[in-house]
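Report on one structure; see the data block that follows.
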Amino acid sequence: MVKQGIMPVDIERLRAETPGVAARVHLNNAGAGLMPSPVLDAMIGYLRREAEIGGYETAAENAARLDGVYDSVARLIGASRDEIALVENATVAWQMAFYALPFRSGDRILTARAEYAANYVAFLQVARRTGVTIDVVPDDAEGVLDPQALERMLDDRVRLIAMTWVPTNGGLVNPAAEVGRTARSHGIPYLLDACQAVGQMPVDVTALGCDMLSATGRKFLRGPRGTGFLYVRRALMRELEPPMIDHFGAPWVAPDRYELRSDARRFETWENNYAARLGLGVAVDYAQAIGIDAIMARCLVLAGQLRDGLAAIPGVTVHDLGPQPAAIVTFSVGGVEADAVKARLAEAAINVSTSSPSSTLLDAMARRLPTVVRASPHYYNSEDEISRMTTMIRRLATGH
Ligand SMILES: Cc1ncc(COP(=O)(O)O)c(C=O)c1O
């Protein structure tokens, strides 16, 4: 998948623009990436201005820049700006789309085994309320959702295909575009959770064939916390009534009537954290200036180095599935709880996180996964940092 002729990333410059690398080995980009200086500077400058001249006045002064965030996000995923809603996180984005869909008793939702907990509990709630059935598409021999099994499971009761592209608990990359082709050819709405994919791999909504896509700003995009976005294909969007509205998404035009906005901003509300929104836009432009292909190429190299290094350590089990896993590496160290591993790494200024079974319950149960350690490198990590990480784990696992 790594294309020929990609400009390599200028790692020294990118590290110089990442204040966080001075103090830490940050391998928690699946939690929150380190913001680069341009993102930080834009947000701090904006906040300072709010304090100096007022919040509404700063928004007016920066109207064009803030408006440009829609163009930046649209460019990133190959959409039109009127198909983008900016919201506070990926979960809200996903919920806005999901709960806008009409379901009736007997309808079916098809999903994947590694579906994210927030999405699955929403399926369960709608199942309880309406009587829809949730059917999980099995994985193929390599552990990714099996597109042929999906095809076989389709019937005229399937109202939604909802899938997490890259799950929270490992490097698995589900075949998002293949699923999209199936969804398109049967005219079934397709909601893609691209939360862990955006920022580490190319995302093109046309190639993916998705109708709705949700993502967050703070992870591999390296934007600020509390930012996310939703894409809804124009034709579908015009049919969708958001589950909750206010007078921004649905202006009050007569005493007994509101009118939904004609664009995806019908899924937004009036008040926003504009400094964070600006930071998101800068983060998106920053990633695009580096080049998403180059980012992916380096992510794959670093994640591969980490995975191979860990797998070679006696007593360490790597859990990632799929033929070409992304930059989320999950593993266990025999005899040491995941949280203890994380704590020992933290003492050495290495940031990782853990992923508990309840985040991806079906997958964790099927594979009998314990809470796993999750290390998620990004392009700005160095090979030396990856080696430091594997050295620490070797010491922990083998005592030397
Ligand atoms: C696969 C996946 N989907 C959705 C989310 C939710 O994103 P957010 O925390 O921005 O709502 C996460 C967060 O970890 C995730 O890993």
(message) For the structure I just gave you, tell me whether R368 is over 23 Å from the mean Cα position of the chain (by Cα), open to solvent by 40 Å² or more (accessible area, probe 1.4 Å), closer than 30 Å to A122 by Cα and not aliphatic (A, V, I, L, M).
(response) yes
(request) Please enumerate the residues belonging to segment 379-400 that are over 25 Å from A297 (Cα atoms) and either without any contact (Cβ under 8 Å) to a residue 40 or more places away in the chain or among the aromatic types (F, W, Y) (or both). (result) R395, G399, H400
(message) Can you tell me which of (1) in contact with a strand residue (DSSP E or B) (Cβ under 6 Å, 6 or more places away or on another chain); (2) surrounded by fewer than 24 Cβ atoms within 10 Å (Cβ to Cβ) is the one S214 doesn't meet?
(response) (2)
(request) Would you check if V203 is of a type outside the set (K, R), touching a helix residue (DSSP H, G or I) at 6+ places or on another chain (Cβ under 8 Å), within 16 Å of the ligand (Cβ to nearest atom) and open to solvent by 10 Å² or more (accessible area, probe 1.4 Å)? (result) yes
(request) Any chance you could count how many residues in segment 78-96 are part of a helix (DSSP H, G or I) and within 16 Å of the ligand (Cβ to nearest atom)? (result) 7
(request) Working only within segment 169-199, note down all residues that are away from the ligand (no atom under 12 Å from the Cβ) and of a type in the set (S, T, N, Q). (result) T182, S185
(message) Taking the condition of being of a type in the set (A, V, I, L, M, F, W, C) and either part of a helix (DSSP H, G or I) or farther than 18 Å from A176 by Cβ (or both), how many residues in segment 108-133 meet it?
(response) 9
(request) Tell me, yes or no, whether segment 216-231 has at least one residue that is over 25 Å from A303 (Cβ atoms), under 18 Å from the mean Cα position of the chain (by Cα), more than 12 Å from the ligand (Cβ to nearest atom) and in contact (Cβ under 8 Å) with a residue 40 or more places away in the chain. (result) yes
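Hey, can you tell me all the residues within segment 133-171 that are of a type in the set (S, T, N, Q) and open to solvent by 40 Å² or more (accessible area, probe 1.4 Å)?
As a first pass, look at segment 133-171 and keep what is of a type in the set (S, T, N, Q): 133, 148, 164, 168-169.
Within segment 133-171, T133, Q148 qualify.
Can you say whether A254 is farther than 30 Å from V333 by Cα and surrounded by fewer than 23 Cβ atoms within 10 Å (Cβ to Cβ), as far as the supplied structure shows?
So A254 fits the description; yes.
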(request) Taking the residues in segment 316-366 that are polar (S, T, N, Q) and assigned to a loop (DSSP other than H, G, I, E, B) as candidates, determine which candidate is farthest from V198 (Cα to Cα). (result) S356
(message) Name the residue that is nearest to the chain's Cα centre (by Cα), counting only residues in segment 343-365 that are more than 16 Å from the ligand (Cβ to nearest atom) and open to solvent by 40 Å² or more (accessible area, probe 1.4 Å).
(response) M365
(request) Can you tell me which residue within segment 172-187, out of those that are open to solvent by 20 Å² or more (accessible area, probe 1.4 Å) and of a type in the set (A, V, I, L, M), is nearest to M212 (Cα to Cα)? (result) A177
(request) Sort out which residues of segment 97-116 are open to solvent by less than 30 Å² (accessible area, probe 1.4 Å) and within 14 Å of the ligand (Cβ to nearest atom), and write them in order of number. (result) A97, F98, T111, A112, A114, E115
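Examine segment 346-356 for a residue that is closer than 26 Å to P175 by Cα and among the β-branched types (V, I, T), and state whether such a residue exists. Walk me through how you get there before you give the answer.
Here is the first cut: in segment 346-356, the residues closer than 26 Å to P175 by Cα are 353-356.
From the residues that got through so far, the ones that are among the β-branched types (V, I, T) too are 354.
For segment 346-356, residues closer than 26 Å to P175 by Cα and among the β-branched types (V, I, T): present.
L278: within 16 Å of the ligand (Cβ to nearest atom), of a type in the set (A, V, I, L, M), under 22 Å from the mean Cα position of the chain (by Cα) and modelled with pLDDT of 95 or more, yes or no? Please lay out each step first, then the result.
Details: within 16 Å of the ligand (Cβ to nearest atom): no; of a type in the set (A, V, I, L, M): yes; under 22 Å from the mean Cα position of the chain (by Cα): yes; modelled with pLDDT of 95 or more: yes.
No.
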(request) Identify all residues within segment 131-172 that are acidic (D, E) and within 23 Å of D320 (Cα to Cα); write none if there are none. (result) D139, D140, E142, D146
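The values are calculated or read from the model by the stated rules, or taken from the named source; none is laboratory data. What you see is a predicted model; the values in this text were computed from it and never measured. Using ideal geometry, Cβ is built from the backbone for each residue, glycine included, and neighbour counts are taken over all protein chains shown. Side chains are part of the model used for accessible areas, which takes the heavy atoms of the whole protein and leaves out ligands, DNA and RNA. Shrake-Rupley method; radii C 1.70, N 1.55, O 1.52, S 1.80 Å.
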